[in-house]
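Reading through the structure tokens given below for one structure.
The values are calculated or read from the model by the stated rules, or taken from the named source; none is laboratory data. In this text the structure is predicted, and so the values were computed from the model without any measurement. Cβ sites come from the backbone with ideal geometry, for glycine too, and all protein chains shown count toward neighbours. Keep in mind that these areas ignore ligands, DNA and RNA; they rest on the heavy atoms of the full protein, side chains included. Shrake-Rupley method; radii C 1.70, N 1.55, O 1.52, S 1.80 Å.
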Amino acid sequence: MLYPEINESRNVIDLGGAWSFRLDDGTHGEGWADSAFISEGVQVPVPASYNDINEDLEFRKHCGWAYYRRTFTIPKNLADERLVLRFDAVTHYAKVYLDGELITEHKGGFLPFEADVTGKLVPGKEAELIVAVDNRINHSTLPMGNEGGTAFFGSDNADVPSVIAAKKWRRPVNLPNFDFFNYAGINRPVRLYTTPMSYISDVTITTGIDGSSGIVHYVITTEGNGEASIEIRDGSGKVVTEGKGNSGTLHIENARLWWPYPGEPYLYKATVRFGEDAYSLDFGIRTVKVEGTRFLINGRPFYFKGFGKHEDSAIHGRGFDFVLDMKDISMIHWMDANSFRTSHYPYAEEMYQLCDREGIVIIDETPAVGMGGTTEDIYRIGNFRSHHEDVIKDLIARDKNHPSVVMWSMGNEPDVVTYPDSAYDYWHSLYEYTKALDPDGRPVTFVCNQNNYERDRITREMDVICINRYYGWYNLSGDMEAAVYALNIELDFWEKQNKPVIMTEYGADTLPGFHLSSPEMFSEEFQVLYYDTINKEFDKRSFMIGEHPWNFADFNTIQGPMRADGNRKGLLTRDRRPKMAAHYFRKRWKEIPNFDYK
Ligand code: GCB
């Protein structure tokens, strides 16, 4: 799906701002939308999560539908244009009403969807837009919520009659089976864009390298009548090659490649035309390949220095925050990192555009997190397979042209159950499904939790083995000698698989300003000791091709006995101030080059 663009043939109207908002009061039911009821509510900003905008506790703990409303009039001079309403992300389920008519609905809170409203939205006449949003999570949603009242943290499952009775008695609550706050609402921009009536609906660009030439394969998908053409310019605006027709292969002599920073992340601009329509997108020429225990970018072995991240900030929640994204890019450069994983859901498209330009490498993850939370086999009882496929399809459709995206992650840490046949069949076939979809043939992975790696049959089949391990934190807590002993036993196992391994998560909760001369858990000194001890082991193993500490910054999560004011494993605080460990990594990563380190 193309990102909305303003250019010679297209217009974009931003529908952000203050919208009327009301939480469902339980009397109206699914998808109900009534102007008067909503208008009596409060004003909230769009885009943003609604949870931290209002002091009423209901905003934070709401479970169910909420309603947004606004009116607008578009200019009469758009009368001959095709009109499309685009929602970049509504979390987690949306029903959209234009002047009372349900025009679209969408499941999944982290990817865009659109509705063609040509003929429904009359230029010059006021229109009413209502968006009903459902934040409920369960065994059919991604991310997944627990059913049956099981809490993620704590010993809520105890066999205590009064607790069991209270869980049945209480109002419905969301019980995420994942460790980040279930921020909801219209989290990303809402825009109306125009195209001519005959238009470009998609563009796919993949690249290759042949000696000093860049090879560019393109496919232009169109609707209506016209001739398709493409023109490619270099950074100075000079046309370097052009082609005619809906698909083809072009060559750029002496091409400049896209390299991760501090290499040059060189971008070319492709401008595609079809009839009256035009669309431009930036792309980079680069290749990605796994060979033995190496991850090759442009044929050279790359080492991943970076983080698991979140889209999370004070007040905005998971709402699009461009200022924060830019700050994060700056901090990534400051620490000499070169990559991150979009744990645990696709991020806003603007972040990928920044990473293309800034030379930051992305492992792009779906929202398949929290799969489990039940003592039963989730693959047999859950109803989520087709949704998972849709999400992968839409993710690749959205992000396929970004040079920064070098690998797809199908999901994070399904509970324990990577052993039975049902789990194997699920992930194995999903891996093949994902592989077949990507025109760029990127490696595919899935991120495995700390489990019995000897019994696990899925992780070892991935193109890159991605493991989250908390030796010294959740187990062998505080005992770094024992932690390293255990880690090495496991690394000996992975060494035999002859595949590249990235530690996609490891970390320790740390309270900024809490100092100890003899490092123990939660102190800044312990966080440094933890990382320094473990990193020394990675350095000895040539198949370990990346380290992603968990997490880039502290983040908000569900309340519970294991979390005080969120998850505190950040190298940075939530407002992006460095803890000691950030300085430690900054020094370490300065010494580790992007390429040929291993
Ligand atoms: C994990 C999860 C991540 C959590 C982290 C933690 O394994 O993937 O979502 O936040 O552990 O801190 O417990």
Qualifying position, being crowded, with 23+ Cβ neighbours inside 10 Å and of a type in the set (Phe, Trp, Tyr), among Phe543, Phe522, Phe538, Phe552:
Phe552
Check whether at least one residue in the stretch 371-393 is within 16 Å of the ligand (Cβ to nearest atom), at pLDDT 95 or above and not small (Gly, Ala, Ser), and report yes or no.
no
Report, by residue number, each residue of the stretch 519-547 that is touching a helix residue (DSSP H, G or I) at 6+ places or on another chain (Cβ under 8 Å) and farther than 14 Å from Phe585 by Cα.
Pro519, Glu520, Glu537, Arg541, Phe543, Met544
For the stretch 501-526, give me each residue that is within 23 Å of Ile329 (Cβ to Cβ) and more than 12 Å from the ligand (Cβ to nearest atom).
Ile502, Pro512
Could you check, for the stretch 68-85, whether at least one of its residues is among the acidic types (Asp, Glu) and under 28 Å from Pro176 (Cα atoms)?
no
Criterion first (open to solvent by 20 Å² or more (accessible area, probe 1.4 Å), of a type outside the set (A, V, I, L, M, F, W, C), over 30 Å from Gly119 (Cα atoms) and within 16 Å of the ligand (Cβ to nearest atom)) does Asp234 satisfy it?
no
Looking only at the stretch 394-428, which residues are of a type in the set (S, T, N, Q), modelled with pLDDT under 95 and either within 22 Å of Met351 (Cα to Cα) or part of a helix (DSSP H, G or I) (or both)?
Ser422
Every pair of residues 6+ apart whose Cβ atoms lie under 8 Å, when the first sits in the stretch 380-400 and is over 19 Å from Tyr3 (Cα atoms) while the second is among the polar types (S, T, N, Q) and not in a helix (DSSP H, G or I)
Ile381/Thr374; Gly382/Ser140; Asn383/Ser140; Phe384/Ser140; Phe384/Thr141; His387/Ser140; His387/Thr141; His388/Thr366
With respect to the numbered conditions (1) over 19 Å from Lys107 (Cβ atoms); (2) open to solvent by less than 40 Å² (accessible area, probe 1.4 Å), which one is the sole condition not fulfilled by Arg380?
(2)
Odd one out for Gly308, checked against (1) within 16 Å of the ligand (Cβ to nearest atom); (2) farther than 16 Å from Ile362 by Cβ
(2)
Taking into account only those residues within the stretch 438-485 that are more than 16 Å from the ligand (Cβ to nearest atom) and small (Gly, Ala, Ser), which is nearest to the chain's Cα centre (by Cα)?
Gly441
Check Met580 against each of (1) hydrophobic (A, V, I, L, M, F, W, C); (2) surrounded by 21 or more Cβ atoms within 10 Å (Cβ to Cβ); (3) under 28 Å from the mean Cα position of the chain (by Cα) and name the one condition it does not meet.
(2)
